[in-house]
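Just below is one structure, and these are the notes that go with it.
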Amino acid sequence: MLKPTSRIIIAAALSADAVMANPAYAVAASYTPEGVCGAGFGRVNDGSRVVKTSTGKVYGRVYLLYNRSTGFNCVTTIKSSFIGSATYTMARLEVQTKRIKREPMRTVEKHAEGKYKYYAGPVKLYAKGHCVKYWGIIKSSGRAPQIPTGGQASQIATGGRASWDNCG
């Protein structure tokens, strides 16, 4: 029979071997939204959304952060599936700017998209005093997503906030 201390040591060794056996997982686990966006950025209320397929498979999360010192927002999409494989991943930020006289409301949009192994972004825009939307996409293969047809929909994961919020 093993002593309690021996059990703990064996369990720790097995856990370490599991992480070491999959270095892509260990690397991906080290990415945080704050680390991707940089110093001074913190998560905002309602600033994390699941990026999932129409069938409910979760491929990652998209995050919205804000830097009070600079007035910039930052968005990053961090993968939890296909880690270490270069697959199409996108992070998008949209800022609602003020009206000019009677013209319709204007928006500014910026995104990062491409074949990424761990995350897309950071995408940064000045947004102090303005409302924002944010969005992320992760696709199971490397190509940019097309309009879903038939079985394609389950390969494209999307998530974010499509309504204006975090105004200020």
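Taking the mean number of other Cβ atoms within 10 Å as a proxy for protection, how do you rank 43-52, 82-91 from highest to lowest?
Answer by packing, highest mean first, reads 82-91, 43-52.
Separation of the range 29-92 and the range 126-142 by C-alpha centroid, Å?
For the range 29-92 versus the range 126-142, the Cα centre distance is 9 Å.
Name the lysines eligible as straight-distance cross-link partners of Lys98: C-alpha to C-alpha under 20 Å, and not fewer than 8 places from it in the same chain.
Counting by Cα, and skipping residues close in sequence, Lys98 has these lysines nearby: Lys110, Lys124, Lys128, Lys133.
Amide H of His130 versus every other amide H placed in the peptide plane: which residues, excluding those fewer than 5 positions away on the same chain, fall under 5 Å?
Result for His130 returns Gly168.
Pop out the carbon and sulfur fraction of the accessible area of the range 28-76 as a percent, whole number, probe 1.4 Å.
49
From the gyration tensor of the Cα coordinates in the range 27-121, what semi-axes in whole Å does the equivalent ellipsoid have, largest first, with each one equal to sqrt(5λ)?
27, 17, 12
The values are calculated or read from the model by the stated rules, or taken from the named source; none is laboratory data. Just so we're clear, the structure is a prediction, and the values are computed from it rather than from any experiment. All Cβ positions, glycine included, derive from the backbone under ideal geometry; neighbour counts span all protein chains shown. The accessibility values were calculated without ligands, DNA or RNA, using every heavy atom of the protein model including side chains. Shrake-Rupley method; radii C 1.70, N 1.55, O 1.52, S 1.80 Å.
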